[in-house]
Structures are given as C-alpha cells and as structure tokens.
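All remarks here apply to the structure that follows.
Just so it is clear, none of the values below were taken in a lab; they were calculated from the coordinates. Predicted, not measured: the structure shown is a model, and the values here were computed from it. Backbone-built Cβ (ideal geometry, glycine too); neighbour counts: all protein chains shown.
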Amino acid sequence: MSESEIETALGQVPGWRRDGDEITRSYAIRYHGGVAMIVHVADVERLIGHHADIDLRWGTIRFGITTHDAGHRLTADDFDLARRIDAIAQAHGAEPVTEM
C-alpha cells in the first residue's frame with residue numbers, strides 16, 4: 001500500500017494507530033475475558049489466513065498487525081483484520097484504551 005492508501009485506510013479504522021510498519025490498538029478487558037477474546041480472534045484469523053501479534057497483560061490486550069508475508073508491510077488484509085478485531089472486542093465488552 002502507498003502512504004496515501006495507508007492514511008485513508010487508517011481513517012476507516014478509528015482507534016487504530018500506525019507504529020512503524022504495523023497498526024496497533026489496545027483494549028481494557030479482564031484477564032480471563034482477554035483469553036476468551038484471543039480464542040475468538042484466533043478462530044477468525046485461522047479462517048482468513050491472517051494473524052495479529054497479541055500481547056495479553058493483566059487488564060489489557062494489545063494487537064499489532066502487519067503482513068509478515070509481504071516483508072512486514074501494511075496491506076489491505078491488515079485493515080480488514082483490524083475491523084474484525086474491533087467487532088470481536090465489542091462482542092466481548094472490551095473497552096478501547098488510548099495509547100500514548
């Protein structure tokens with residue numbers, strides 16, 4: 001994706017931010033709820049063949065998405081997965097966290 005395409009795509013996934021060659025977003029969720037959310041995300045990832053890096057901490061979960069197969073570059077698949085993760089987070093009652 002070109003820089004302008006990335007900027008446009010970021011505008012379509014509010015709350016996600018660019019961090020180098022990945023997009024990231026964190027949510028507040030109780031630990032066991034985070035585990036359940038990870039399983040739900042992993043099931044979807046398996047079906048679409050695209051995976052996020054996931055960091056679960058006590059009370060928060062962070063997703064980092066890039067396309068590893070494209071040399072760690074952002075692709076349309078990353079933004080599709082971001083939208084899917086947002087929907088899953090909402091279904092699990094996870095609250096978006098503003099990242100610094």
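Can you tell me the dipole magnitude for the chain around its Cα centre, using point charges on the Cβ only (Lys, Arg +1; Asp, Glu -1), in Debye to the nearest 20? Kindly include the intermediate steps, with their values, before the conclusion.
Details: 10 positive and 17 negative charges, 89 e Å.
Its charge dipole is roughly 420 debye.
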For the chain, take N as its residue count and report Rg(C-alpha) divided by 2.2 N^0.38 Å.
1.01
Could you check the spin-label model distance between V35 and E7? Points 7 Å from the Cα along Cα→Cβ, value in nm.
4.4
Top positive-direction residue, dipole computed over the chain with Cβ charges, set I38, I65, A52:
I38
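Rank-order 42-55, 80-93 by packing density, defined as the average count of other C-beta atoms within 10 Å over each peptide's residues, highest first.
Working: 42-55: 13.6, 80-93: 17.1.
Per-residue Cβ counts within 10 Å, averaged per peptide and sorted highest first, yield 80-93, 42-55.
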Which of the peptides 3-13, 28-38 is most tightly packed, and how do the rest follow, judged by the mean count of other Cβ atoms within 10 Å per residue?
28-38, 3-13
Where does the charge balance sit around G11 when Lys and Arg score +1, Asp and Glu -1, over other residues with C-beta under 12 Å from its C-beta?
0
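For the chain, calculate the relative contact order in percent as a whole number, restricting contacts to Cα pairs under 8 Å that are 6 or more residues apart.
Numbers: 138 pairs, mean separation 35.9, N = 100.
This gives 36 percent for the chain.
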